[in-house]
Amino acid sequence: MTPRLITLLAAAATLSGCTIIPRTVEPPAAALYEAGMVSAADPRASEAGAQMLRQGGTATDAAIATMLALTVVEPQSSGIGGGGFYVAANARGEVETIDGRETAPAAAHPQWFYKDGVLLKFPEVVPGATSVGVPGNIALAAKAHAAHGRLTWAALFAPAIKLAREGFAITPRLHAMLKSNAKVAGFSAEGRAMFFGADGQPLPVGTVVKNPALADSLQMFADQGAKAFYTGPNARAIVTKVTTAPVNPAPMTEADIAAYAAKDRAAVCGTYRAYRVCSMGPPSSGATTLLATLIQLERFDMKALGKDNPVSWHLIAESQRLAYADRARFAADADFVTVPVAGMIDRKYLTGRSALISQSGSIAKAVAGTPPGAEKLTFAPSSQLAENGTSHFAVVDRAGNAVSYTSTIESAFGSGIVAGGYYLNNELTDFDMNPQLNGRLVANRVEGGKRPRSSMTPALVFGPDGRLRLVVGAAGGATIPAQVIRAVIGVIDWDLPVQQALALPVLFAPGTETVYVEQGSWLEGMIPALKALGHADVQPRALPLKANAIELRGSQPWGAADPRSEGKAIRE
Ligand code: GLU
């Protein structure tokens, strides 16, 4: 890294309040890894990415092709009708992030989710158009491709267009989600025609579905570039669908869509033991929640305690409770409200927070602290927990570039509105629908042009030698940081191969008191022990878990897909 680059990075770090540790790892003379790899939640999407690597594309090319293919084959989870976050590193360990989060239309306001003065309920605003934000994934892809792509823009679209044009089989997971979310999936005529039979039932597993409207849209974006998404017929189609929705029509304009910009953000990094951990800052709560939880745990010997010891899980629960309390109070779009990012991951502050944790007892009520920079902030805690329509994918190429990208349409099938063959997101429900509590404003309230707070935690972990060790992320709303925390501890502290780390059960403790353990997992057997450690309320819960990762050991990438999912890693 040149001194100028280090200075620039340091300046960016100061500005954004993150810690960037300059590295002196030399770029590889030849290929760094023996193979490239793509891990995604659907094998056909992993294959789309792998094809790009085979054609000489970069990790960024592969990640974009994967995102596009997921739009087709995993329409319940993510796609070009939604947004995402891209966290990338080169072989020198320099990290950058792009924010492709959906944005509220200019007309949006704190009472956006009220009707006649009454706050609507989540199921009342999904499906419908009030929840739709201006999509960000195509703008993100264009920005990332311009900086780090090697293949042509059009080449990235080829696998997705083929899948949409020639058809793709309905998987058991898609079928199950069509069944459990039939109202949203079949909200629009296009959704019903694509995925439901004449009897109104979801089409059976294995049915080959074609999506020519999406193939045409993708072909147009491939031919004309990202501007064809944000202007012209596609933008008009979105506006028409949103403004004339039969339920909750909303005043999104073509100007809202044309104004969308994916944003470069400084990566938020910190250290856990001898490892450097980087992830996504505001509007995501991912990096701060991940880093705070890990740093608060650092003084405990998690390795010696081990994964089979209830004390380990108790400590993870306590640390999460503290980190999620800060998240609830402070995390939001930093372009609109002050988010004390540096303070939330400040080691001195977190040493104080960690001192609240005891190995033998439980904090009665976990509340937010006052991280440096938050002294004057009076925000009320958010009560919003995100939903379940997301996909994470991890990519490395032979040259040592890596991408950790989480893409979402928020809950399953997003808003249910289909434009141009793709589902539009319901990301605006990631805002706090109620803008205030006890007379105090919530940081994550709706505002025109603002981006809703996210839980997405696309992460990169670098080893003590400075080299990349782990590319990881997950879907599952507010459980996402908890899933990533579990994976990082699994790999670093418990020395598990990444596939086993993703198979570990998840403990999720986002609230002041309640601790959830993954239903059906061996953590259920620890409930009495956790109660004995002072947790009054420990409940088994079916959690929406789906992580994907790649671990680098020496020159070898090892892919991992969540055993709870249909995901697959492909080596190329
Ligand atoms: N919309 C959520 C977020 O950005 C993610 C939803 C999910 O993972 O299912 O945090």
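If the condition is being in contact (Cβ under 8 Å) with a residue 12 or more places away in the chain and either over 19 Å from the mean Cα position of the chain (by Cα) or outside any strand (DSSP E or B) (or both), then segment 554-564 contributes S555, Q556, P557, W558, D562, P563, R564.
Being surrounded by 24 or more Cβ atoms within 10 Å (Cβ to Cβ) and either outside any helix (DSSP H, G or I) or of a type in the set (V, I, T) (or both) is a property that A487 lacks.
Per this entry, T338 is counted among residues that are more than 16 Å from the ligand (Cβ to nearest atom) and polar (S, T, N, Q).
Within segment 422-451, being away from the ligand (no atom under 13 Å from the Cβ), under 22 Å from the mean Cα position of the chain (by Cα) and in a loop (DSSP other than H, G, I, E, B) holds for L424, M433, A443, V446, E447, G449, K450. Can we say V118 is in contact (Cβ under 8 Å) with a residue 24 or more places away in the chain and either over 23 Å from I480 (Cα atoms) or more than 16 Å from the ligand (Cβ to nearest atom) (or both)? In short, no.
Within segment 241-251, the residues that satisfy the criterion of being surrounded by 15 or more Cβ atoms within 10 Å (Cβ to Cβ) and in a loop (DSSP other than H, G, I, E, B) are A245, V247, N248, A250.
Filter segment 365-390 for residues that are more than 13 Å from the ligand (Cβ to nearest atom) and either of a type in the set (A, V, I, L, M, F, W, C) or surrounded by 24 or more Cβ atoms within 10 Å (Cβ to Cβ) (or both) and give the result. Once the filter is applied, which keeps residues that are more than 13 Å from the ligand (Cβ to nearest atom) and either of a type in the set (A, V, I, L, M, F, W, C) or surrounded by 24 or more Cβ atoms within 10 Å (Cβ to Cβ) (or both), segment 365-390 yields A366, V367, A368, P371, A374, L377, F379, A380. Of the residues making up segment 177-193, one or more are within 16 Å of the ligand (Cβ to nearest atom) and among the polar types (S, T, N, Q). Contact map, segment 391-417: residues that are away from the ligand (no atom under 12 Å from the Cβ) paired with residues that are of a type in the set (K, R), Cβ distance under 7 Å, separation 6+ or inter-chain. Pairs shown: I417/K241. Restricting attention to segment 491-511, the residues being assigned to a helix (DSSP H, G or I) and either of a type in the set (V, I, T) or crowded, with 24+ Cβ neighbours inside 10 Å (or both) number 5.
Let's see how each residue does on (1) within 16 Å of the ligand (Cβ to nearest atom); (2) within 19 Å of A501 (Cβ to Cβ); (3) part of a helix (DSSP H, G or I):
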| residue | (1), (2), (3) |
| --- | --- |
| V239 | no, no, yes |
| D256 | no, no, yes |
| V277 | no, yes, no |
| I316 | no, yes, yes |
| A325 | no, no, yes |
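The requirement of being out of contact with any Leu (no Cβ under 7 Å at 6 or more places or on another chain), of a type in the set (A, V, I, L, M, F, W, C) and not in a helix (DSSP H, G or I) is satisfied by V472. For residues in segment 453-477 being out of contact with any strand residue (DSSP E or B) (no Cβ under 6 Å at 6 or more places or on another chain) and more than 7 Å from the ligand (Cβ to nearest atom), which is nearest to I409 (Cα to Cα)? Among those residues, the one meeting the criterion is R453. Number of residues in segment 123-142 that are outside any helix (DSSP H, G or I), at pLDDT 95 or above and β-branched (V, I, T): the value is 3. Being touching a Cys at 6+ places or on another chain (Cβ under 8 Å), modelled with pLDDT of 95 or more and either surrounded by fewer than 24 Cβ atoms within 10 Å (Cβ to Cβ) or more than 26 Å from N444 (Cβ to Cβ) (or both) is a property that does not hold for A287.
Within segment 207-237, the set of residues being part of a helix (DSSP H, G or I) and small (G, A, S) comprises A213, A215, S217, A222, A228, G232, A235, A237. For segment 536-572, a residue qualifies if it is modelled with pLDDT under 95, within 25 Å of T58 (Cβ to Cβ) and of a type in the set (G, A, S), and the qualifying residues are G554, S555.
The residue that is farthest from the chain's Cα centre (by Cα), counting only those in segment 171-193 that are buried (at least 21 other Cβ atoms within 10 Å of the Cβ) and of a type in the set (A, V, I, L, M, F, W, C), is F187. Filter segment 252-264 down to residues that are in contact with a helix residue (DSSP H, G or I) (Cβ under 7 Å, 6 or more places away or on another chain) and within 25 Å of A88 (Cα to Cα) and give me whichever is surrounded by the most Cβ atoms within 10 Å (Cβ to Cβ). Filtering segment 252-264 for residues that are in contact with a helix residue (DSSP H, G or I) (Cβ under 7 Å, 6 or more places away or on another chain) and within 25 Å of A88 (Cα to Cα), the one surrounded by the most Cβ atoms within 10 Å (Cβ to Cβ) comes out as A262.
In segment 455-465 there is at least one residue matching the filter, namely being surrounded by fewer than 24 Cβ atoms within 10 Å (Cβ to Cβ) and over 18 Å from K303 (Cα atoms).
The values are calculated or read from the model by the stated rules, or taken from the named source; none is laboratory data. Note that the structure is a prediction, hence the values are computed from the model and not measured. Methodologically, a virtual Cβ is constructed for each residue, glycine included, from the backbone with ideal geometry; neighbour enumeration extends over all protein chains shown.
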